1. Bins of 5 Å, beginning at zero and ending with the bin holding the largest distance: percent of Cα pairs per bin for segment 123-202, please.
2. Using the Cα atoms as the points, what is the convex hull volume per residue of the chain in Å³?
3. Please identify, among 180, 113, 45, the residue showing maximal mean-square fluctuation in a Gaussian network model of the chain using a 10 angstrom Cα cutoff.
4. Once the cut-off is 15 Å, how many percent of the Cα-Cα pairs in segment 20-105 end up in the long-distance tail?
5. Distance from the Cα centre of segment 264-287 to that of segment 61-99, in angstrom?
6. Full extension from residue 98 to residue 223: what is 0.36 nm times the residue separation minus their Cα-Cα distance, to one decimal in nm?
7. Measure nothing fancy, just the Cα-based angle from helix 94-109's long axis to the longest principal axis of the chain, in degrees from 0 to 90, nearest 10.
8. I want to verify a result. In a Gaussian network model of the chain, Cα cutoff 10 Å, which of these has the top mean-square fluctuation: 226, 41, 275?
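Read-outs throughout are calculated quantities, based only on the coordinates presented, and are distinct from any laboratory measurement. Everything numeric here is computed off the predicted structure, so don't read it as measured data.
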Ligand SMILES: [Zn+2]
């Protein structure tokens, strides 16, 4: 266990990039070989646009990394936060440390991912940033990091608050962020991952078949399955649904013009262009 803590305490930058871009390459390959939806779209330009937004997210996180590092060392030095108060960060006590890692990552997933995501769907001002993520009409592994830089700042602030509340040391933040990056690419990927394997895995983790529903173009389905790493939070808060994926239509009903949603400048300007209300749909959809 000590080796794990040591590795993540001083995780090489190259390894972090490898997780982000190596993971993206891996899931893009798998979904190309084993696709769920067989829609034809230009995967190169689609990936290019989403990588642009991945890079803006990386820039935001790099620019603010010092704050996160400060938060994590402050909680450790002051014994502040849930896993610290519970005495679970004792590196010499493996069972306690394993419990601490599981509880810590679970709580970081809730406070740093599920909660900001849920809030983004409920507060109009924040939705105007998050809608960039939902505007993708061909969800695949590259969609995972299609976030407006404004949303990246918001998520960073929630993650920093989570570090204080959880009492996460820096190495635990690194474990959480590594898992989060991989799981987000996995759950957005267009791979044919269903049946028994999906059924068993979603007891604990968010799967592609689960998260796809969240990217349906209209409510109420887009307001379900908010999870990132664990399915637990949607189950607890009553936002978990199981839907036949074959009927899903990706995108968001307010922005269905393909030219617009593939234009990075248009996407960057959405939050400042004024709120676009959800169109009224004649039928109450039942998938
Ligand atoms: Zn969302």
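1. Result returned by the calculation: 3, 13, 16, 20, 19, 16, 11, 3.
2. Normalising the Cα hull of the chain by residue number yields 134 Å³.
3. Answer for the Gaussian network model of the chain: 45.
4. The proportion of pairs with Cα distances above 15 Å equals 73 percent.
5. The distance from the Cα centre of segment 264-287 to that of segment 61-99 comes to 40 Å.
6. 41.7 nm
7. 30 degrees
8. Result for the chain, Cα springs under 10 Å: 41 fluctuates most.
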